[in-house]
Amino acid sequence: MKNKCENCGECCLRTEMILSESDINRIMKNSTKNLQKNDFVFKNRDGFFQLKNNEDHCIFLDSLSKECKIYEYRPQGCRFYPLIYNFQENNCIYDNDCPRPHLFYQDETELKETCEDLSRFLKQELGLQ
Ligand code: SF4
Ligand code: SF4
């Protein structure tokens, strides 16, 4: 499968994706729609910026094609996905919601480096860990 995510979009349904300030600024800078922060972001109960949903899917998901409308400048967390951080074990795991996890990060080195990038992102840009 050339595009691993073809006809899926599962991870963009009822998204709870957290955004960094850099994510928000990149999306506003690149959007041709003069987007304001409040158009696509809200502050969740834990105080983190979170992507808004439109009905049952991310505001940026094209529900017909199941493609991300901001793919080139999508949030960092969407780029790491389906790799997520397991805070209990301090390691990276594949999220159960992705039906095709085996297609991602097949190379051991790439997997290790992406996990390090994810860990760094959480610490430096979201203040987690
Ligand atoms: S990352 Fe997984 S869940 Fe998300 S669109 Fe791709 S295959 Fe589907
Ligand atoms: S920004 Fe794009 S990839 Fe991320 S949840 Fe929304 S539609 Fe999916």
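The values are calculated or read from the model by the stated rules, or taken from the named source; none is laboratory data. Being a predicted model, the structure only gives us computed values, none of them experimental. Please note: Cβ atoms are built from the backbone with ideal geometry, for glycine as well, and neighbour counts cover all protein chains shown. These accessible areas exclude ligands, DNA and RNA; they are computed on the full protein's heavy atoms, side chains included. Shrake-Rupley method; radii C 1.70, N 1.55, O 1.52, S 1.80 Å.
State whether one or more residues within segment 99-113 are within 16 Å of ligand 2 (Cβ to nearest atom) and under 13 Å from the mean Cα position of the chain (by Cα). No: segment 99-113 contains no residue that is within 16 Å of ligand 2 (Cβ to nearest atom) and under 13 Å from the mean Cα position of the chain (by Cα). Just one of (1) open to solvent by 80 Å² or more (accessible area, probe 1.4 Å); (2) in contact (Cβ under 8 Å) with a residue 60 or more places away in the chain; (3) under 13 Å from residue 68 (Cβ atoms) fails for residue 6. It is (2).
Quick grid of which residues meet (1) of a type in the set (Lys, Arg); (2) not in a loop (DSSP other than H, G, I, E, B):
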{"position": "22", "(1), (2)": "no, yes"}
{"position": "98", "(1), (2)": "no, no"}
{"position": "109", "(1), (2)": "no, yes"}
{"position": "123", "(1), (2)": "yes, yes"}
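Across segment 75-91, the number of residues qualifying as free of Cβ contacts under 8 Å to residues at least 40 places away in the same chain and within 12 Å of ligand 2 (Cβ to nearest atom) comes to 1.
Listed conditions (1) farther than 22 Å from residue 124 by Cα; (2) open to solvent by 40 Å² or more (accessible area, probe 1.4 Å); (3) of a type outside the set (Ser, Thr, Tyr); (4) at pLDDT below 95 are all met by residue 87, apart from (1).
Contact map, segment 33-45: first residue within 14 Å of residue 19 (Cα to Cα), second residue of a type in the set (Phe, Trp, Tyr) and surrounded by 13 or more Cβ atoms within 10 Å (Cβ to Cβ), Cβ cut-off under 6 Å, separation 6 or more or different chains; pairs are 41/49. Kindly indicate whether any position in segment 70-78 is of a type in the set (A, V, I, L, M), assigned to a loop (DSSP other than H, G, I, E, B) and open to solvent by 80 Å² or more (accessible area, probe 1.4 Å). Within segment 70-78 (the criterion being of a type in the set (A, V, I, L, M), assigned to a loop (DSSP other than H, G, I, E, B) and open to solvent by 80 Å² or more (accessible area, probe 1.4 Å)), the answer is no, since none of the residues qualifies. Applying a threshold of 6 Å to beta carbon distances and a minimum spacing of six or more residues, or different chains, the list of pairs starting in segment 92-109 at a residue that is over 20 Å from residue 7 (Cβ atoms) and ending at one that is modelled with pLDDT of 95 or more and within 10 Å of ligand 1 (Cβ to nearest atom) reads 92/83.
Starting from residues that are open to solvent by 60 Å² or more (accessible area, probe 1.4 Å) and assigned to a loop (DSSP other than H, G, I, E, B), keep the ones in segment 49-69 and report whichever is nearest to residue 126 (Cα to Cα). Filtering first and then ranking leaves 52. Determine whether residue 34 is farther than 24 Å from residue 117 by Cα, of a type outside the set (Gly, Ala, Ser) and open to solvent by 50 Å² or more (accessible area, probe 1.4 Å). Taking the combined requirement at face value, the residue satisfies it. Identify the residue in segment 47-69 that is in contact with a helix residue (DSSP H, G or I) (Cβ under 8 Å, 6 or more places away or on another chain) and under 28 Å from residue 112 (Cβ atoms) and, among all such residues, is nearest to ligand 2 (Cβ to nearest atom). Across segment 47-69, the extreme among qualifying residues is 68.
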